[in-house]
Amino acid sequence: MTQAIATAPPTPCVEPKSALLRRRLLPLWVATFLQGVGFWVPVEKLFMSGIGFDAATIGVMAAAYAALVPVMEVLSGVLADRWSRRGVLMVAGVALLLSVFIGAISQNVVTYIVAALILGIYFAMYSGTVEAVVYDVVVEETGDGAEYERRIGWVRFVESVALVGSALAGGWIAAALSPRATYFLTLPFAALYLVALSRFCEPRLHRTAERTSLRDHLVVTYRAITDRGRLVPIAAATIMSAMILQAMYEFGPLWLVTLKAEAGYYGPFWALLVGMIGVGGLLASLLHLERPLPVAIVVLTMLAACVTMTTSRSLAALTAAMVALTLLLVVIGIHLSQLMHDAVPSTIRTGVASGISAVSWLLFTPFALIFGAVSKHAGVYVSGWMITGAVALAGAALVWVQRHAVAVR
C-alpha cells in the first residue's frame, strides 16, 4: 500500500531589497571609483606654478570656470530630467577625459585655462546628477528615499578611496617622473569610467510623469526652488556650504605654498582632504543634524578650524583644521541633499539640484577673484578671513534649516 506523502511547495528564494539595491548600484560605484582617480590633482598647483601661474591667475582661472559652470548646470539639470541621467554622466566623462588631456599638453596659462573650462563642464554635468540617480534608484528598489543618505554616503566613500589612493600615488609619480606625467597616467581611468557607466541600469522614475514643454519644465523647476518655504533654507545652506567646500579644494594648498612645504607633503595633504569625502559619507547619517545640539557643535567646530587657518603657522595644525572643516562640510552637504530630494518630485529633481549648485558657482566666481587678489597682495592668511566669514553665514543657514524643520513638524 502506497502512502501519499504531502510535501509543501518549495519556497521561492526572494533576494532582499538591500541586495538588489547593491547590485543595481554596483556599476555606478565602479564608475565613481574610476572618475575619482586623478593623479594630477595633488600636484596641480605645483604644475601650474611651473607654467606661469601665480595666486592672482589661479583666482582668475577658478573664476573663469566658476562663471561657466552655472550655465552648464542649468543645461545639465534639464537634460538629465528630460533626456537621460546616465547620458549626462557620460557627457561628464567625455569632458573629464578631454580636460585632462589638454591639461597634460599645456605649456602656458591660456591653454591650461581652456582645460579648466572644460573641467567646469564636467563638474556641471556630474554634480547633482549622480545624487538624483542614486535617490531614484533607492526609491525604485525600496519604495521610498529613506536609504538615500546611507547609499549616497557609500558612493562618496568609494569616490574618496579613489581620490586618496590617487593623491598618494600622484605625489610619488610627480617625484619619480614629473607633474606632467600624472595627467597622462590619469587618462586610461577616465576612459574606463565611460565603459563602467555604460553597464549601469538607469532609473526611469523621472519619466513616469506626463512630458511638459521645456518652458513649463523650467518654470516648475524655478518655482520649486523659490516658492517652497521648506526648500528656501535648504537651498541657502547648500549654496554656502558648497561654495566653501570648493574654496577649500581650490585654495587650501596655497597655505602649503606660503609655508614652503616640501613637494612630498602635497600628496598626503591632499589625500587627507579628499579622504574626508568618504569619512563624511559614512558619518552623515550618524550625526543627526536635524537636532539642535549636533548643529551647534558642528558650527562651532568649523569656526574654530577657520580661526586656526587664519592664525597658525604650523603645517600640522593647519592640516588638521582644513581636514576637520572639509569633513563637516561634506556631512552637511549630504544631509542637505537628503532634505532637498525629499522635498521635490523626480521629474524636476536634477534640475532643482543643478539650479541650487549653479547659484553656488555664481557666488564662488567673485569670491575666487577677490580671494586670489587678496592672497597675492596681502597673503593667504588675510584672505583666509573670507572663508571664516563664509563659514559663519553657512552656520547660520544650517541653524535656519534645523529650526525651520522643527517648525514644519
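Here are the numbers:
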read-out	value
Flag if V130 is touching a residue at least 24 places away in the same chain (Cβ under 8 Å), of a type in the set (V, I, T) and part of a helix (DSSP H, G or I)	yes
Residue that is surrounded by the most Cβ atoms within 10 Å (Cβ to Cβ), among those in the range 245-292 that are closer than 24 Å to F371 by Cα and of a type in the set (S, T, Y)	Y266
Failed criterion for A55 (all others in (1) open to solvent by less than 30 Å² (accessible area, probe 1.4 Å); (2) among the hydrophobic types (A, V, I, L, M, F, W, C); (3) under 19 Å from V133 (Cα atoms) hold)	(3)
The lone exception for M302 - which of (1) out of contact with any Ser or Thr (no Cβ under 9 Å at 6 or more places or on another chain); (2) among the hydrophobic types (A, V, I, L, M, F, W, C); (3) within 18 Å of E147 (Cα to Cα); (4) part of a helix (DSSP H, G or I) it fails	(3)
Condition broken by A261, with the remaining ones in (1) more than 30 Å from E147 (Cβ to Cβ); (2) within 21 Å of the chain's Cα centre (by Cα) satisfied	(2)
Residue in the range 252-259 that is under 30 Å from L289 (Cα atoms) and either part of a loop (DSSP other than H, G, I, E, B) or modelled with pLDDT under 90 (or both) present	yes
Residue check for G351: in a helix (DSSP H, G or I), open to solvent by less than 60 Å² (accessible area, probe 1.4 Å) and at pLDDT below 75	yes
Candidate set: the range 179-221, residues that are open to solvent by less than 40 Å² (accessible area, probe 1.4 Å) and among the polar types (S, T, N, Q); chosen: the one modelled with the lowest pLDDT	T221
From the options V257, V274, V295, residue that is of a type in the set (A, V, I, L, M, F, W, C) and farther than 17 Å from P42 by Cβ	V295
Members of the range 82-130 that are modelled with pLDDT under 90 and touching a Lys or Arg at 6+ places or on another chain (Cβ under 7 Å)	T129
Residue within the range 96-119 that is under 20 Å from H341 (Cβ atoms) and open to solvent by 30 Å² or more (accessible area, probe 1.4 Å) present	no
Test for V41: is it of a type outside the set (D, E) and either under 24 Å from I152 (Cα atoms) or more than 18 Å from the chain's Cα centre (by Cα) (or both)	yes
A67 aliphatic (A, V, I, L, M), surrounded by fewer than 19 Cβ atoms within 10 Å (Cβ to Cβ), over 19 Å from A190 (Cβ atoms) and touching a residue at least 24 places away in the same chain (Cβ under 8 Å)	yes
Hits in the range 30-67 (condition: among the charged types (D, E, K, R) and not in a helix (DSSP H, G or I))	D54
Some residue of the range 355-377 being in a helix (DSSP H, G or I), surrounded by 24 or more Cβ atoms within 10 Å (Cβ to Cβ), modelled with pLDDT of 80 or more and touching an Asp or Glu at 6+ places or on another chain (Cβ under 8 Å)	yes
Residue in the range 261-270 that is of a type outside the set (F, W, Y), touching a residue at least 60 places away in the same chain (Cβ under 8 Å), closer than 19 Å to A174 by Cβ and touching a Pro at 6+ places or on another chain (Cβ under 6 Å) present	yes
Criterion violated by I332 - all others in (1) over 30 Å from R151 (Cβ atoms); (2) crowded, with 19+ Cβ neighbours inside 10 Å satisfied	(1)
Selection from the range 335-348 of residues that are open to solvent by 30 Å² or more (accessible area, probe 1.4 Å) and either among the basic types (K, R) or within 17 Å of the chain's Cα centre (by Cα) (or both)	L339
Any hit, the range 133-145, residues being touching a Ser or Thr at 6+ places or on another chain (Cβ under 6 Å) and among the β-branched types (V, I, T)	no
Conditions (1) open to solvent by 10 Å² or more (accessible area, probe 1.4 Å); (2) in contact (Cβ under 8 Å) with a residue 12 or more places away in the chain; number of the one not met by L28	(1)
Sole residue being under 17 Å from A296 (Cα atoms) and at pLDDT 90 or above, chosen from V382, V401, V391, V406	V391
So Y112, is it part of a helix (DSSP H, G or I), within 30 Å of S178 (Cα to Cα), of a type in the set (F, W, Y) and over 20 Å from the mean Cα position of the chain (by Cα)	yes
Subset tally (residues that are surrounded by fewer than 18 Cβ atoms within 10 Å (Cβ to Cβ) and not in a helix (DSSP H, G or I)) for the range 133-178	6
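The values are calculated or read from the model by the stated rules, or taken from the named source; none is laboratory data. All figures in this text were calculated on a predicted structure; none of them were measured in a lab. Positions of Cβ are generated from backbone atoms using ideal geometry, with glycine treated the same way; all protein chains shown enter the neighbour counts. With ligands, DNA and RNA removed, areas are computed over all heavy atoms of the protein, side chains included. Shrake-Rupley method; radii C 1.70, N 1.55, O 1.52, S 1.80 Å.
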